Each structure stands twice: as structure tokens, then as C-alpha cells.
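Asker: First, the structure itself, so that you have it in front of you.
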Amino acid sequence: MEPAVWKRLLSSVILGFVLYRSDVTALKNGLALTPPMGWLHWQRFLCQTDCKNYPTSCINDQLFMQMADIMVSNGWLKAGYKYLCIDDCWLAPHRDKNNRLQADPDRFPGGMKKLIDYVHDRGLLFGIYQDVGNKTCAGFPGSRDFYELDAQTFADWGVDLLKFDGCYYDTLEALKEGYRRMAMALNRTGRDIVYSCEWPLYARQIEQVNYTEVAEYCNSWRNFGDIDDSWASVKTIVDITAALQEELVPAAGPGAWNDPDMLVIGNFGLSFDQQVTQMALWAIMAAPLLMSNDLREISKESTALLQNQEVIAINQDPLGTQGYRLLKVNGFDMWEKPLASGALAISVTNRQEIGGPRYFLLSRAMVWDGLACDTCYVTQLLPTRYEYGYFNASQVLKVPVNPSGTVLLRLE
Ligand code: GLA
């Protein structure tokens, strides 16, 4: 099929679903109207509880206080990253005598409330982790049988976001019921707590996921397995998202986001071009931007990439439409994301991992018909800023793209 014909079919199907979705009831807690942004410890720091041998990278209050300070002093909060989130392994091995959750007393000697106050005093919000089953994935006490009590504990401590994992559930029904009950328990506390689920990840192994229902209860949800610090992992997540886009894209919108997992930019596994690809695609996919890296030792290049305001604006666009892959042609993947202003974001990834930069040829007929301009102004945002200027319907733009890199464009 001609690319232009294929494109028209695909974008009309997907946008048809997106419009249809405006009738769907999203979780009405008024939160996460744009994808949540922040920092989450898991990918980079995992479950390191040995503070004797790893004093600067174990999961303790010091690590989070340092990150909080740096998020403020190094421009992260200003750039939009406002949630500082702890993942698994913060808990003591047992609940207290009143069945309340408690932080590990050696690693969080002042308790969780004290740390959360410290974070709030710096103008940040705090995210915590728990699990729908009787244990967290790393084996700490889970929330099963205690949903209401735990929601209240989190509210009392001042928690602003809950990542709710799905390990150790009994049956699929119990998993779904647990996710629904926790959503209602959080609502009943009266505190604004963003609810980040992993329900589809676990449910999809057993049945077709009902995204209308998931979006009624969760502000964001993981669909696939964990990201790791590698190009193979980023590619896999991007490819599965594209393969399932007719299911995933219509489910997303203000207050409800597909979560392809953390940004691993600034770590060890991705070349600079691959970091650009992750940033561009996570912006196009309207993904939560939760970095998992060490902000104490991140390069200037990765910092500038993660703090790029024009790229963040595409991710945070108020229309909240998740972008979709439009073309896969000649070793290039092209995605587009319609924006509230009538403009369009386009990404082009060079999937050929041999050789040097290759030209992608872009014409007006290839992109979304709803784009407000006939002659459009084209700005390249990544990997470097460059103004292509006006581009009319009979012109072809020659865009060079590095191997495993991505060019992100804005057309308006
Ligand atoms: C699961 C989740 C991860 C992380 C770990 C913690 O694997 O998907 O994101 O939270 O559990 O144990």
C-alpha cells in the first residue's frame, strides 16, 4: 500500500478511537492531567539494602534527601520533574503492632513522614510504592487485606503518588478487585494521590485487558515488563507499544496514561543517540517521564536532553493524545502526535544499526490531514535545535538521522 494511503487509514482509525474515548469515564480525581514527571529509584538503585558496603547507593533516607536537594538546585523541579518517588524495599520486614506499615528503622531512622516533610519543604511531591498482593515483588509486606489502612497511612504521611505493583496476587479477580479497592480507598482519604498501576501488565498474561475499566481506576498503568538500561530494552518497549497501539492509544488522555516505564537516560547502557530516541519517543507516546538515574553524577548532555523544554512541552501537551507509529519504511520508523495548538510532533528513528546517517524524505502528504497548516513551519528539536523554516505541500524535506538515533520535529 502507498504510504500516504496507509497513513490516512491508520490515523483515521486511531483518531476515531481517540474521539470516541472522550465519552469514557476516566478516574475522576482531577490528577495527572498531563503525564506525571519525576524521579523513581528502581532501575538505577534496585533493592540495595546493604548500606555498609554501599553507603551512597543503598535505599535510605540520605539517598532521597540528596536527590531532593539536587532536584531543586540543578533545575529538575523547574523543568517539571516534581515527583520524587521511592520504589520497593523501603519497608521494614513486618507491620507494626497496629498493623500499620513502617519504613525500615535502620535505613529510615526518622520514619517515612519525616522524609516526606523534608521533600515537601523543598517544593517537591513524594511518591511511594506498595503491592496489591500479600508481598511486594521484593518480598516485603504487601497491602492485601489492608488496602484501607494503607491508603490512610499514606495520606497521613503526606504521600502524593502511589505506585501499586501486582506481584503475589491470588487470582485475576483478586488482582482486579485489589486495584479497584485501593483506588476507592485512596479517594476516601480526601488527599490528592496520583494512582499508578501495573494491573494490565499482570492481567494481560491471562486475559484481554479492558482499558476502559483500567482508566476508570488508575491515572497511569504499566503494560509490559520492566525496562533495563539497554538499547534492546528500549527498542522492545517501543515496538510492543506500536504493535498494540490500536488498543493503547485510545485509552490514554488527561488523567490516564500508558506507562512504558522509566527513562534510563543518563546511565550506562544507551549511546547519546539512543538516549535521544528514548526522550523523543517517550514525549511522542505521552508517557510519564520518571527518570531513574543518579542525579549526583549525570552528564551535561543527558541533563540538557532531559530538561529540554520544547520536548517536554510535547509530552505535556494539554490535548493529551498519545502519539502512534504511522510508518515503518526502509529502516525508518515515523511516529506522529497531534498537539493542542493544531501543530504536530513527528519523530523519525533510523532503525538501521550499521553505517552512518541516512536521509529520511518527508513530505506534507505523509502526515496527519488535520494539521492546521498547508505550508508549515518546521523546527527540529532533537538531536539539536535547527529551524528548517517553511515547507510547502510540494516540497520534500531531507532529514538526516543517525543509526539508532531519532530526529524530533515540530510542524506548525
Ligand atoms: C516490579 C515492577 C518494577 C519494580 C519492581 C520492584 O518488577 O514492575 O517496576 O517496582 O517490581 O520490586
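Derivation of every value follows stated rules applied to the coordinates shown; laboratory data play no part. Computed from a prediction, not measured in an experiment: that's the story for all the values here. Heads up, the Cβs are rebuilt from the backbone with ideal geometry, glycines too, and the neighbour counts pull from every protein chain shown.
Asker: Could you please state, rounded to a whole Å, how far the C-alpha centre of segment 37-108 is from the C-alpha centre of segment 326-391?
Answerer: If we compute the Cα centre of each part, the gap is 39 Å.
Asker: So how do Ser394, Ser230, Ser299 line up by other beta-carbon neighbours within 10 Å, fewest first?
Answerer: Arranged by neighbour count, lowest to highest, Ser394, Ser230, Ser299 become Ser394, Ser299, Ser230.
Asker: Which Cys residues of the chain have no other Cys Cβ less than 4.7 Å away and so no disulfide-compatible partner by this rule?
Answerer: Cys85
Asker: Take the Cβ-Cβ distance between Gln205 and His120 as r, set R0 to 41 Å, and report the resulting FRET efficiency rounded to the nearest 0.05.
Answerer: For Gln205 and His120, the calculated efficiency is 0.65.
Asker: For the chain, what does -39500 (n - 2.57) per DSSP helix run (n ≥ 4), summed and divided by total residues, give at 222 nm, in deg cm²/dmol to the nearest 500?
Answerer: -9500 deg cm²/dmol
Asker: With a 10 Å Cβ neighbour count serving as the proxy for reagent exposure, in which order, fewest first, do Leu161, Leu124 appear?
Answerer: So the ranking, lowest neighbour count to highest, is Leu124, Leu161.
Asker: How far apart, in nm, are the 7 Å Cα→Cβ label points at Asp228 and Glu177?
Answerer: My value for the distance between the label points is 3.6 nm.
Asker: If we restrict to alpha carbons, what Rg and Dmax does segment 32-187 come to, in Å?
Answerer: In Å, with Rg to one decimal and Dmax whole: 15.3, 46.
Asker: Kirkwood hydrodynamic radius of segment 118-172 from all distinct Cα pairs, in Å?
Answerer: About 12.0 Å, per the Kirkwood formula over Cα pairs.
Asker: Could you work out the longest stretch of the chain that avoids the trypsin sites (Lys or Arg not before Pro) located in DSSP loops with at most 12 other Cβ atoms within 10 Å?
Answerer: In short, 98-384.
Asker: Let me ask something additional. Modelling each spin label as a point 7 Å along the Cα-to-Cβ direction, I'd like the Ser363/Lys135 distance in nm, to one decimal.
Answerer: Output for this residue pair reads 6.0 nm.
Asker: Quick one: divide the alpha-carbon radius of gyration of segment 77-158 by 2.2 N^0.38 Å and tell me what you get.
Answerer: Working it through for segment 77-158, the quotient is 1.11.
Asker: Using the Cα centre as the reference, give the magnitude of the dipole from point charges on the C-beta atoms of segment 216-374 (Lys, Arg: +1; Asp, Glu: -1; all else neutral), rounded to the nearest 20 debye.
Answerer: 340
Asker: For a quick check: sort Trp42, Trp335, Trp231 by the number of other beta carbons within 10 angstrom, fewest at the front.
Answerer: Trp231, Trp42, Trp335
Asker: Please pull out the direction-averaged projected area of segment 261-390, using the convex hull of its alpha-carbon atoms, in nm² to one decimal place.
Answerer: 8.4
Asker: By how many nm would the segment from Ser341 to Lys97 lengthen if fully extended, with 0.36 nm per residue of separation less the alpha-carbon distance?
Answerer: 82.3 nm
Asker: Here's something else I'd like to know. Please give the contour-minus-distance gain from Tyr386 to Arg296: 0.36 nm per residue of separation, less the Cα-Cα distance, rounded to one decimal in nm.
Answerer: 29.4 nm
Asker: Run the dipole for segment 265-326 about the Cα centre, Lys and Arg Cβ at +1, Asp and Glu Cβ at -1, nothing else charged, and hand back the magnitude in debye, nearest 20.
Answerer: Its charge dipole is roughly 100 debye.
Asker: Same structure again: Distance between Cα centroids, segment 111-142 to segment 185-234: provide it in whole Å.
Answerer: If we compute the Cα centre of each part, the gap is 17 Å.
Asker: In debye to the nearest 20, how big a dipole does the chain give about its Cα centre with +1 on each Lys and Arg Cβ and -1 on each Asp and Glu Cβ?
Answerer: For the chain, the charge dipole is close to 520 debye.
Asker: Further, regarding this structure: 7 Å from Cα along Cα→Cβ at both Ile354 and Asp170: what's the point-to-point distance in nm?
Answerer: 5.5
Asker: Given a Förster radius of 45 Å and the C-beta distance between Ser73 and Ala393 as r, what FRET efficiency does 1/(1 + (r/R0)^6) yield to the nearest 0.05?
Answerer: It comes out at approximately 0.40.
Asker: Can you give the Rg/Rh ratio of segment 348-412, where Rg is from the C-alpha atoms and Rh is the Kirkwood radius?
Answerer: 0.98
Asker: Mean 1/r over all different Cα pairs, inverted: what Kirkwood radius does the chain give, in Å?
Answerer: Evaluated over the chain, this radius sits at 21.9 Å.
Asker: Any chance you could run the full-extension gain for Asp50 through Ile240? It's 0.36 nm times the residue separation minus the Cα-Cα distance, nm to one decimal.
Answerer: 64.8 nm
Asker: Would you please state which residues of segment 323-355 a label at Glu412 would reach in this model, taking the label point 7 Å out along Cα→Cβ and a backbone N cut-off of under 19 Å?
Answerer: Of the residues in segment 323-355, 323, 336-348 have backbone N under 19 Å from the label point off Glu412.
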